[in-house]
Amino acid sequence: KRKLILDVDTGIDDAIGIILAVKSREFDLLGITTVNGNVSLDQATDNTLKVLDLLGETNLSVIKGADAPLIRPHFFEHGVHGEDGLGGELKDILPSRPAEEGFAPDFIINSILNFPHEVTLVMTGPLTNLALAIKKCPQIVHYVKEVIFMGGVVKGPGNVTPTAEFNMVVDPEAVKIVLHAGFTDITQVGLDVTRHAILKEAHIHAIENPVIRQYIDNSTAQYRKRYFKRNGVDGCAMHDPLAVAVAIDQSLVKTEDFYVDVETRSELCDGQLVCDFQNRLEQDRNLSVCTEVDEAAFLRLFHSIVSS
Ligand code: BDR
Ligand code: CA
């Protein structure tokens, strides 16, 4: 089994990504690391633990990481994910256990060094933990197997500012560190494709596992309404679950390699990914960009995993 670390800022779609990663049984999940993002670090950690409780996964390591972006103030997303970050669904429940001792960037470093060329990192929140890990131990870029992150958009509008996507906007300095770290196998799963991975009510009702069906139905109820209002699409984008799904089956997406940088010093465009489609800057390509997704195949994979 492939060794995986999932790094999350557990909001509604991160939670569904966790469900996919745990239930797929594809991975040897070394741990789930948490980061400030959609909600505070403590809330993201509690949410992660609660989702694992729901799945009966009470032994999986959960390790807390950065409680703020590298240099910027917090930028929460309660408007999308609700006060508690999970659309209110588990708000009256307490997690059955606390997070483990330790700090996520150290956990990431140690795992990569203990299992050279074996660890896949899937990041579905701001990239703060990975940036801190790179700063502390730059060699990890040579020893990680691959990095897959959800974030950014290379063609089309952002979802927080006119040009930028949430995970990039929260901590653009972290994105810059990650993009320039020298990873040889790093894939971006951006809005370009996640906007075409839409979960609709009918897909939710078709889920055979009643606990998961009810959880996803309730936790995404407001999220789907908001998505419809904003985008005119009946359903909601499975941003983070698609990143996990790409780790399970790379053939769900088409990718192309480009040189990509991120804006960090603009009044209007901070967090925007700038993709050098025509190699104007004559730089080496540093990112595999997902350009197309097979939505039907994604939904089939999703259904088969969450139904079990
Ligand atoms: C990303 O932003 C967050 O709100 C979601 O959890 C996802 O990771 C989508 O832009
Ligand atoms: Ca997320």
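When segment 16-41 is filtered for residues that are within 24 Å of Arg195 (Cβ to Cβ) and more than 9 Å from ligand 1 (Cβ to nearest atom), the ones remaining, listed by number, are Ile16, Ile18, Ile19, Leu20, Ala21, Ser24, Val35, Val39.
Filtered by the rule that a residue be within 15 Å of ligand 2 (Cβ to nearest atom) and surrounded by fewer than 20 Cβ atoms within 10 Å (Cβ to Cβ), segment 160-175 gives a lone residue, Val160. Suppose we filter Thr255, Thr194 for residues that are of a type in the set (Ser, Thr, Tyr) and touching a helix residue (DSSP H, G or I) at 6+ places or on another chain (Cβ under 7 Å); which single one remains? Being of a type in the set (Ser, Thr, Tyr) and touching a helix residue (DSSP H, G or I) at 6+ places or on another chain (Cβ under 7 Å) holds for just one of Thr255, Thr194, which is Thr194. Being surrounded by fewer than 22 Cβ atoms within 10 Å (Cβ to Cβ) and touching a Phe, Trp or Tyr at 6+ places or on another chain (Cβ under 7 Å) is the requirement here; does Pro98 meet it? No; evaluated as a whole, the condition is false for this residue. Residues that are assigned to a helix (DSSP H, G or I), within 18 Å of the chain's Cα centre (by Cα), under 16 Å from Leu6 (Cβ atoms) and at pLDDT 95 or above do occur in segment 133-153.
Pairing residues of segment 116-145 that are at positive phi and more than 14 Å from ligand 2 (Cβ to nearest atom) with residues that are at pLDDT 95 or above and not in a helix (DSSP H, G or I), at Cβ distances under 7 Å and at least 6 apart in sequence or on separate chains, gives His117/Lys145. In the set Val80, Val39, which member is of a type in the set (Val, Ile, Thr), in a loop (DSSP other than H, G, I, E, B) and in contact (Cβ under 8 Å) with a residue 12 or more places away in the chain? Answer to the check: Val39.
Residues are listed down the side, and each one gets a yes or a no for (1) more than 28 Å from Asp270 (Cα to Cα); (2) in contact with a strand residue (DSSP E or B) (Cβ under 8 Å, 6 or more places away or on another chain); (3) surrounded by fewer than 15 Cβ atoms within 10 Å (Cβ to Cβ):
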{"residue": "Ile177", "(1), (2), (3)": "no, no, no"}
{"residue": "Ala197", "(1), (2), (3)": "no, yes, no"}
{"residue": "Glu201", "(1), (2), (3)": "yes, no, yes"}
{"residue": "Ile204", "(1), (2), (3)": "yes, no, no"}
{"residue": "Gln214", "(1), (2), (3)": "yes, no, yes"}
{"residue": "Asp217", "(1), (2), (3)": "yes, no, no"}
{"residue": "Thr220", "(1), (2), (3)": "yes, yes, no"}
{"residue": "Arg224", "(1), (2), (3)": "no, yes, no"}
{"residue": "Ala237", "(1), (2), (3)": "no, yes, no"}
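The values are calculated or read from the model by the stated rules, or taken from the named source; none is laboratory data. These numbers were taken from a predicted model, which means no experiment stands behind them. Cβ sites come from the backbone with ideal geometry, for glycine too, and all protein chains shown count toward neighbours.
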